[in-house]
Structures are given as structure tokens and as C-alpha cells.
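The values are calculated or read from the model by the stated rules, or taken from the named source; none is laboratory data. Treat the numbers as computed from the prediction; the structure is a model and nothing was measured. Neighbour counts run over all protein chains shown; Cβ positions are idealised from the backbone, glycine included.
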Amino acid sequence: MHGNEKVHVDNYTRFCLTAIAGLLTVLILMLWVDGTPCAPSARAGELPYDSAASRQEIVDAAKETNHKLGDLIDLLKSGQAKIQMVDADGKNGHK
């Protein structure tokens, strides 16, 4: 475009651009009023995380797992439980 050339925009394009501008305005106002919806603010004291309790739960779970493994080892040693190897097709692994 050089000099005094004018751009002619039809009514449909004008309508679409106006609708886009309106929607962007609404979005900006919503973000400004409510804050960012996908990143809620975290304030100190509102966090439900208790690191000491969480660590104690992990320790308790590990103790329970160790107890169950001990029971399983006792069953295997006593002969009350046996391990049988099978192939993926269900055949016995021993030949």
C-alpha cells in the first residue's frame, strides 16, 4: 500500500474482529477479578501437608511390608507355600 490507498473491510470481518475483541476483554476482566484460574494462590498456614506425619506414614507402611515379607519367607521355609515358574503361554517352566 502506498500513499492514500484505503483498505475495505466487509461487515462479516468487522463483526468477527469485534466479537474477538469483546471476548478478549471479558477474559482479561475475569482474570483480573478472580486471579489466574489454573494457579490458585497458596498461603502459608493453609497447606494441609504435614511432613512429619507423612514420613511417619511411610515408616509405618515400610514396617507393615517388612512384616508381610517375613511371614511370606516363613511360609516358604516351612514348605507350606511353594513357587512354581510358568512361561508366558502358561506352560510349566521345568522341562
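List of remarks:
- A single entry from D50, D60 fulfils the requirement of being modelled with pLDDT of 90 or more, charged (D, E, K, R) and either in contact with a strand residue (DSSP E or B) (Cβ under 8 Å, 6 or more places away or on another chain) or surrounded by 10 or more Cβ atoms within 10 Å (Cβ to Cβ) (or both): D60.
- One residue stands out among those in region 1-18 that are surrounded by 10 or more Cβ atoms within 10 Å (Cβ to Cβ) and polar (S, T, N, Q): the one that is modelled with the highest pLDDT, which is T18.
- Meets criteria (at pLDDT 80 or above and touching a Gly at 6+ places or on another chain (Cβ under 6 Å)) for M85: yes
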